[in-house]
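One structure below.
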Amino acid sequence: MTSNSNAPTPFNRLLLTGAAGGLGKVLRETLRPYATVLRLSDIVEMAPATGAHEEVQVCDLADKQAVHQLVEGVDAILHFGGVSVERPFEEILGANICGVFHIYEAARRHGVKRVIFASSNHVIGFYKQDEKLDAASPRRPDGYYGLSKSYGEDMASFYFDRYGIETVSIRIGSSFPEPQNRRMMHTWLSFADLTQLLERALYTPNVGHTVVYGASANATQWWDNRLASHLGFVPKDSSEVFRAKVEAQPMPAADDPAMVYQGGAFVAAGPFGDD
Ligand code: NAI
Ligand code: 15L
């Protein structure tokens, strides 16, 4: 993980939602150069603030009034909070669908001009792994979770067209310390590359609503980021260094969704609530 010694002028206050999550804990450290004060929020308790550069605020994204208070006084929002896997619709509804609406409404009311939205590859999960996509490819969500991210991207587009609030929607592939399986050899995004992408998303002027895929410089690429080239995102890491370890795992069947679809196993989750 890098800390960027050439970081641009810090924002006065940045808000990070989902701060107790897997990525949130990493970003709590790597975003430090970009804000005098980092406001950290989640629905669950987090480690207490470690100094004046941090504020910690528990907040349920489904609670409109609480989100309104959360956003007061921030200059930009990194929206990483919410349900992060496929779940029944009712669970996704409050956290992700109402949650993203509350974030944008609060941004509008408080004059926040930039949101970074943690979207997901699951907005295009039903494409096959041999298909090449860019940001203009029609979405093919692979579940309620992917649908909620697709809705979030539409929300971002609307709030730019109507209110001029800019967003970079990052369709994150798989951001973990290491790729966990063969599919992630293609979708892996290192924490350092994620941080670089967030820096570009925060500081690039005139992004309107930009959609960018979040993947490292892996040997095979499913996603073409030319439509987001104005961000200047140049990933540096590659999943290749983990190939031997990943390929030591048993080979799944050729028709296993993990080997066929870009969204992998998510395409086969559910249905929920039949009993
Ligand atoms: P995570 O599940 O570890 O973190 C999400 C956080 O959101 C959790 O700490 C959870 O408590 C919080 N949360 C859930 N419901 C909430 C609510 N109603 N109000 C407030 N907070 C709530 O997920 P992870 O891996 O850290 O991902 C962060 C974001 O990035 C998520 O939005 C996820 O959808 C997105 N993403 C992550 C990818 C990855 O590979 N890690 C890939 C694609 C997208
Ligand atoms: C996601 O959107 C999830 O949040 C994450 O947990 C991974 O499953 C990732 O996609 C992936 O597709 O690997």
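The values are calculated or read from the model by the stated rules, or taken from the named source; none is laboratory data. Since we're looking at a predicted model, the values are computed, not measured. Glycine gets a Cβ as well: all are built from the backbone with ideal geometry, and neighbour counts include every protein chain shown. Surface accessibility is based on the protein's heavy atoms, side chains included, excluding ligands, DNA and RNA. Shrake-Rupley method; radii C 1.70, N 1.55, O 1.52, S 1.80 Å.
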Report, by residue number, each residue of the range 161-177 that is part of a strand (DSSP E or B) and within 10 Å of ligand 1 (Cβ to nearest atom).
-> ILE170, ARG171, ILE172, SER174
From the residues in the range 38-74 that are more than 16 Å from ligand 2 (Cβ to nearest atom) and of a type in the set (Asp, Glu), which one is nearest to HIS110 (Cα to Cα)?
-> GLU72
If only one of SER150, SER169, SER157 is surrounded by fewer than 21 Cβ atoms within 10 Å (Cβ to Cβ), more than 10 Å from ligand 2 (Cβ to nearest atom), over 14 Å from PHE266 (Cβ atoms) and at pLDDT 95 or above, which one is it?
-> SER157
Failed condition for ILE92, given (1) in contact (Cβ under 8 Å) with a residue 24 or more places away in the chain; (2) within 18 Å of ALA20 (Cβ to Cβ), with all others met?
-> (2)
When you go through (1) under 15 Å from the mean Cα position of the chain (by Cα); (2) away from ligand 2 (no atom under 12 Å from the Cβ) one by one for ASN121, which number turns out not to apply?
-> (2)
Selection from the range 234-264 of residues that are in a helix (DSSP H, G or I) and aromatic (Phe, Trp, Tyr) | PHE242
State all residues of the range 177-194 that are within 30 Å of ALA106 (Cα to Cα) and in contact with a Gly (Cβ under 7 Å, 6 or more places away or on another chain); if no residue qualifies, say none.
-> LEU189, LEU194
Residue, nearest to ligand 2 (Cβ to nearest atom), within the range 256-267, restricted to residues that are without any contact (Cβ under 8 Å) to a residue 24 or more places away in the chain and open to solvent by less than 60 Å² (accessible area, probe 1.4 Å) | PRO257
Could you give me the residue pairs with C-beta distances under 9 Å whose first residue belongs to the range 184-209 and is more than 28 Å from ALA258 (Cα to Cα) and acidic (Asp, Glu), whose second residue is outside any helix (DSSP H, G or I) and open to solvent by less than 10 Å² (accessible area, probe 1.4 Å) wherever it lies, and which are 6+ apart or on separate chains?
-> GLU199/LEU31
Residue list for the range 66-86, filter: of a type outside the set (Asp, Glu) and either in contact with a His (Cβ under 7 Å, 6 or more places away or on another chain) or more than 10 Å from ligand 1 (Cβ to nearest atom) (or both) | VAL67, HIS68, GLN69, VAL71, GLY73, VAL74, ALA76, ILE77
How many of the residues making up the range 60-103 are farther than 30 Å from PRO271 by Cα and not polar (S, T, N, Q)?
-> 12
Looking only at residues in the range 178-233 that are touching a Pro at 6+ places or on another chain (Cβ under 6 Å) and either of a type in the set (Asp, Glu) or outside any helix (DSSP H, G or I) (or both), which one is surrounded by the fewest Cβ atoms within 10 Å (Cβ to Cβ)?
-> ALA217
